[in-house]
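All remarks here apply to the structure that follows.
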């Protein structure tokens, strides 16, 4: 209990000390930019000097930063390492493999991913449906992860090595084995039969144990991927009450009783639209809430940014302020290689990330980290975009602008950083700001418009005059 009380005070003291020091010594800011129609790709584009601040006019566009007003502690930013990603990785040259690992996981030369997701046996982004047991094995005596030893675990181990084993990995199931479900099918929805609740909870324990024995530690799990979606791929339906009761009566106690009570459990793991109902149903039950680390969500309620239900995140955070919010999946669907260069893909990512972080989200996970030249492999032809595509025939690596847009966050916003107060005087200029333990501030600024925006950034008694190019994103570090 003492540590819980002391930690916020220590962090506050560090931030205050750092701010006082910076107020005396920091006079410059470095700008990193990605801009449409330019050569800037997460590139240092300018070094600007702070000036003494003055009262802004209503006609001026401004960002206001207050580093003394802190909010959620950041846990990480990253993507999913699926079977599809791992199979793609295994097919390309050693040089391409090394480039991919550095691009995503090196925090100095790459974009420094610190969080990852993976699937518990097969999902749509696998080359086939499979489980870790023989059909009908309720006792799980046949459990083994031999399938994953060929591609997925080797890639995960390389990712851990690139991050000095600091990567946080959580795992999600798409469906229990077919015999455990009322439709006797891993695909097309269906429900977990009550007779198999304990077997399925124990399956999680077997998975965590086997992965950790293989050198891949598991940070957390979600109860079920998209529990309200009947899909033509692996899927399983839970009502809010069913997920609550499976968690509090089976999954939570089973993990705890097997020494895994420290694993983070994520509920919902579906879209923002029904997020409050699911969170409220589970978290209003103290016995279930005791096992919940966070509420996960996706963005597929719509592809139109203006209609995204971001405010549902705010409501959950207001009602349950001690519960974490984590974005667990999102991508641009309907793959078409002619759209690799579409600028709106990266802008959509940044728009969503800024809005989500500003509503209390502490962790953000893209869908497939990279895919092949077809947007797969995928055993039901549900081909999608990823920030990076790799031609498995030539080992060519294709970086979409989404890679750089995400990198403006993941490279500079590190686990342990805190979001700070950030206000924009115009809706055309979106921003979110963060501070680390050393007092360094990173402000991510997005301009989706057709014209450059000149603005003033205010921090304490200092002011910075900045221009954000049309269709660009910038990270300001000072």
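Just give me the residues in segment 206-235 being touching a strand residue (DSSP E or B) at 6+ places or on another chain (Cβ under 9 Å) and more than 17 Å from residue 300 (Cβ to Cβ), in sequence order. 207, 208, 211, 216, 217, 218, 219, 220, 221, 223 - these are the residues of segment 206-235 that are touching a strand residue (DSSP E or B) at 6+ places or on another chain (Cβ under 9 Å) and more than 17 Å from residue 300 (Cβ to Cβ). For segment 442-459, does any single residue satisfy the condition of being over 24 Å from residue 73 (Cβ atoms) and within 21 Å of the chain's Cα centre (by Cα)? Taking every residue of segment 442-459 in turn, none turns out to be over 24 Å from residue 73 (Cβ atoms) and within 21 Å of the chain's Cα centre (by Cα).
Report yes if some residue within segment 29-36 is surrounded by 20 or more Cβ atoms within 10 Å (Cβ to Cβ), at pLDDT 95 or above and in a loop (DSSP other than H, G, I, E, B); otherwise report no.
Within segment 29-36, not a single residue is surrounded by 20 or more Cβ atoms within 10 Å (Cβ to Cβ), at pLDDT 95 or above and in a loop (DSSP other than H, G, I, E, B).
Scanning segment 315-339 for residues being under 16 Å from residue 387 (Cβ atoms), touching a helix residue (DSSP H, G or I) at 6+ places or on another chain (Cβ under 8 Å) and outside any loop (DSSP other than H, G, I, E, B) gives a total of 2.
Scanning segment 174-192 for residues that are without any contact (Cβ under 8 Å) to a residue 60 or more places away in the chain and part of a loop (DSSP other than H, G, I, E, B) yields 177, 182, 183, 184, 185, 188, 189, 190, 191. Number of residues in segment 43-83 that are surrounded by 16 or more Cβ atoms within 10 Å (Cβ to Cβ), farther than 17 Å from residue 433 by Cβ and out of contact with any strand residue (DSSP E or B) (no Cβ under 6 Å at 6 or more places or on another chain): the value is 1.
In the condition set (1) surrounded by 16 or more Cβ atoms within 10 Å (Cβ to Cβ); (2) touching a helix residue (DSSP H, G or I) at 6+ places or on another chain (Cβ under 6 Å), residue 342 is compliant with all but (2). Based on this model, can you work out whether residue 43 counts as modelled with pLDDT of 95 or more and more than 18 Å from the chain's Cα centre (by Cα)? Here the answer is yes, as residue 43 does meet what is asked. Screening segment 242-279 for residues that are free of Cβ contacts under 8 Å to residues at least 40 places away in the same chain and in a loop (DSSP other than H, G, I, E, B) and picking the one that is farthest from residue 200 (Cα to Cα) gives 273. Restricting attention to segment 143-173, the residues that are in a strand (DSSP E or B) and under 27 Å from residue 186 (Cβ atoms) total 5. Checked against the criterion of being under 20 Å from the mean Cα position of the chain (by Cα) and within 21 Å of residue 468 (Cα to Cα), the candidates 324, 358 yield just one match: 358.
The values are calculated or read from the model by the stated rules, or taken from the named source; none is laboratory data. As the structure is a computational prediction, the values presented were derived from the model and not from experiment. With ideal geometry, Cβ positions are generated from the backbone for all residues, glycine too; neighbour counts draw on all protein chains shown.
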